[in-house]
Structure formats: C-alpha cells, structure tokens
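Please read through the structure below; I'll follow up with questions.
Every number here is computed from the coordinates shown, using simple stated rules; none is lab data. None of these values were measured; they are calculated from a predicted model. Every residue, glycine as well, gets a Cβ built from its backbone with ideal geometry; the counts of neighbours run over all protein chains shown.
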Amino acid sequence: MAELRKELPNFDTLMELANRDPDGLEHLRSSLIRDFIDQAPDNQRQRLQGLQFTIDMERRKAKNPVQSCMRMSQMMHERVTDLCDSLNDFSTLTAVPPVTPSRPAKVIPLRPRSWEDETDDS
C-alpha cells in the first residue's frame, strides 16, 4: 500500500478555513481520518472504522460544537477508565504460577577479591 501522507495545516490556517469555509474544513478532517484508517494495518482497520463511526454519531447528536467536544472528552475518559480497570483487574489475567524448585538450592557465599589477593597470585 502506497503511503499517502497529507500535512495537517497549522492552527492559523485551520482557523481561517473554519471561518471562511466550514465545509472545506470538514472535508479536510474526514479526508485525513479516512487516509489514516486506510493506512492502518488490516487487523486494526475495522476497529478504527467502528470507533470513527461512533465518534461521528456522537458529533451528530451534539447540539453545538462545545457539546460535541464535551462528548468526545467523555468518550476518552471512559476509555481510559476502562483501560485502568482492565490493568488493575488481575483476576482476568492468566497468571503463570511461580516455579517452585523441588529442592532448595545451595547458596555459595562469594567474598570479593581484594587487591592483595591479586598480588599474591603473581
């Protein structure tokens, strides 16, 4: 797959586009998202498309841009909370039981070599 990488315009350009041509800004946004998803590995593409669909539906349900932003923020917080819960729920992880030796190991104490030990061997 050929990599098509569009540059995101700087903030001032995006702001001007939002004021002058909101439909153009929306087209740029959806185009950049579509390109990103198309470049994703096959095993991630369907999940990204589903996530983008959910985001688009939440944006449509919002009455204004501020409410849309708040809905996106809430979605992100829910995902992070879910991730934290998953990481903290050790019961869902299949832990490998610790290996217990059949007999205790003999520990041999080692003493550090001193400078005198090295000179005595010469």
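For a quick check of your reading of the filter: which GluC sites (Glu not before Pro) in the stretch 1-52 sit in a DSSP loop and have no more than 15 other Cβ atoms within 10 Å? Each step should come with its number before you reach the end.
On the way: sites: Glu3, Glu7, Glu16, Glu26; in loops: Glu3, Glu7.
Within the stretch 1-52, the qualifying GluC sites (Glu not before Pro) (loop, at most 15 other Cβ atoms within 10 Å) are Glu3, Glu7.
Apply the a/c threshold of 1.5 to the C-alpha gyration tensor of the stretch 34-75 and tell me whether it is rounded, prolate or oblate. Could you put the intermediate results ahead of the total?
Numbers: a/c = 3.06, a/b = 2.78, b/c = 1.10.
Prolate, because a/c is 1.5 or more and a/b exceeds b/c.
Once you order the gyration tensor axes a ≥ b ≥ c over the Cα atoms, which shape class does the stretch 1-78 get: rounded for a/c under 1.5, otherwise prolate or oblate by comparing a/b with b/c? Write down the numbers at each step before the final one.
Details: a/c = 2.28, a/b = 1.11, b/c = 2.06.
Since a/c reaches 1.5 but b/c is at least a/b, the shape of the stretch 1-78 is classed as oblate.
Please compute the length gained on full extension between Met75 and Asp89, using 0.36 nm multiplied by the number of residues separating them and subtracting their Cα-Cα distance.
Using 0.36 nm per residue and subtracting the Cα-Cα distance, I get 2.9 nm.
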